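Participant: This structure is in C-alpha cells; I'll ask about it shortly.
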Amino acid sequence: EGKGVLNNRISEYILTNLSQCGIKTHLVKRLNMREQLIRKAEIFPIEFIVRNIATGSLSKRLDISEGTVLEKPLLEYCYKKDELNDPLISKDHIFAFGWATENEIKEIDKTTLRINDLLMGMFRGIGIKLVDFKIEFGKAWNKETEQKEILLADEISPDTCRLWDIKTEKKLDKDRFRKDLGNIIQAYQEVARRLGIVPETTNVSEVNFKKPTSINIKKR
Ligand code: UDP
C-alpha cells in the first residue's frame with residue numbers, strides 16, 4: 001500500500017532531472033499523487049536493460065556470480081511479449097523483424113548509456129549502487145520540428161531498477177518483493193527520503209478520492 005504514490009514521486013523526480021540534462025522524456029507533469037500526464041508515444045516493442053553488476057536473470061542464465069562488477073555497462077534487449085516472458089534478443093532480431101531501425105537503435109543505445117551514467121551518479125551521491133534497470137522508448141510527434149522524435153517513455157523507480165545500499169548492500173527495490181524480504185514500502189520510502197523527496201501525506205489528500213460520509217472531515 002502506497003507503493004504507487006512513492007513510485008510516482010520518485011519517477012517524476014528522476015525524469016525531471018534527466019530532462020534537465022537533455023534527455024527527452026514523455027513526462028509532461030505529475031497531476032496528483034497517483035497520476036502523471038505524459039506524451040502519447042508509439043512504443044518500441046523492446047525492453048532496454050542496462051547492467052552494471054551481475055544479478056537476476058543474467059546470473060542465472062550465464063552462471064555469473066551475483067554481485068560481479070561488470071567492466072563496462074552491459075546493454076541487453078528483450079522483446080516485449082508477455083506470452084513469451086519477454087525473451088532476450090539480439091540487435092539483428094530487432095532489424096530482421098522491423099521492431100526499430102539501425103539509426104533508431106544507435107540513438108537509443110547512446111541515450112540509454114547516458115541515462116545509466118546520470119542515474120549512477122545520482123544514486124551514488126545518496127549512497128546507493130545502481131545495479132541494473134529497464135527502460136522503454138517510444139516515438140512521438142514534435143509539433144515544432146514537425147518530425148517524430150524518440151522519447152524515454154517509461155517510469156524509473158525501485159520497481160524497474162535494482163538499488164543496493166553502498167555500505168550494507170541492502171536491497172532497496174522490487175527484489176524485496178520478489179525474494180520475499182519484507183519491508184518493501186520502507187525500502188521505497190528510504191529511496192525517496194535519500195533523494196530528498198518528501199512524500200505528500202496520504203491520509204489528507206486521500207479524502208479527495210473518496211466520497212465523504214460526513215462533512216466533519218478534520219485535517220490531521
Ligand atoms: N525489469 C523490469 N521489468 C521487466 C524485466 C526487468 O523493470 O519486465 C528490470 C528489473 O527490475 C531489473 C532489470 O530490469 O532491475 C533486470 O532484470 P532481470 O533481467 O535480471 O530480470 P528479473 O530478475 O527481474 O527476472
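Participant: Pairs only if they're at least six apart or on different chains, beta carbon under 8 angstrom, first in the range 37-57 and under 19 Å from residue 94 (Cα atoms), second within 11 Å of the ligand (Cβ to nearest atom) and of a type in the set (Val, Ile, Thr); list them, first residue then second.
Facilitator: Matching pairs, first to second residue: 47/135; 48/135; 50/135.
Participant: Sticking with this one: Have a look at 130, 118 and point out the one that is outside any loop (DSSP other than H, G, I, E, B), aliphatic (A, V, I, L, M) and within 16 Å of the ligand (Cβ to nearest atom). Explain how you work it out, then say what you get.
Facilitator: Values: 118 fails: within 16 Å of the ligand (Cβ to nearest atom).
Selected residue: 130, the only one of 130, 118 that is outside any loop (DSSP other than H, G, I, E, B), aliphatic (A, V, I, L, M) and within 16 Å of the ligand (Cβ to nearest atom).
Participant: Also: Working only within the range 1-33, note down all residues that are crowded, with 16+ Cβ neighbours inside 10 Å and free of Cβ contacts under 8 Å to residues at least 24 places away in the same chain.
Facilitator: 27, 30
Participant: State the number of residues belonging to the range 35-58 that are farther than 16 Å from residue 134 by Cβ and among the polar types (S, T, N, Q).
Facilitator: 1
Participant: For the range 34-73, which positions are of a type outside the set (Lys, Arg), loosely packed, with under 14 Cβ neighbours inside 10 Å and more than 24 Å from residue 106 (Cα to Cα)?
Facilitator: Listed by number, the residues that qualify are 35, 37, 62, 63, 65, 66, 67, 68, 69.
Residue-wise test of (1) among the acidic types (Asp, Glu); (2) more than 30 Å from residue 189 (Cβ to Cβ); (3) in contact with a Phe, Trp or Tyr (Cβ under 6 Å, 6 or more places away or on another chain).
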site	(1), (2), (3)
110	no, yes, no
118	no, no, no
121	no, no, no
126	no, no, no
131	no, no, yes
147	no, yes, no
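Participant: Would you list the strands (runs of 3 or more DSSP E) that sit entirely within the range 134-188 and hold 3 or more residues that are surrounded by fewer than 21 Cβ atoms within 10 Å (Cβ to Cβ) and more than 13 Å from the ligand (Cβ to nearest atom)? Please lay out each step first, then the result.
Facilitator: Numbers: elements: 137-142, 147-152, 161-165.
Counting at least 3 such residues, we get 137-142, 147-152.
Every number in this text was worked out from the coordinates using simple rules, so none of it is lab data. Small disclaimer: the values here were computed from a predicted structure and weren't measured. Cβ sites come from the backbone with ideal geometry, for glycine too, and all protein chains shown count toward neighbours.
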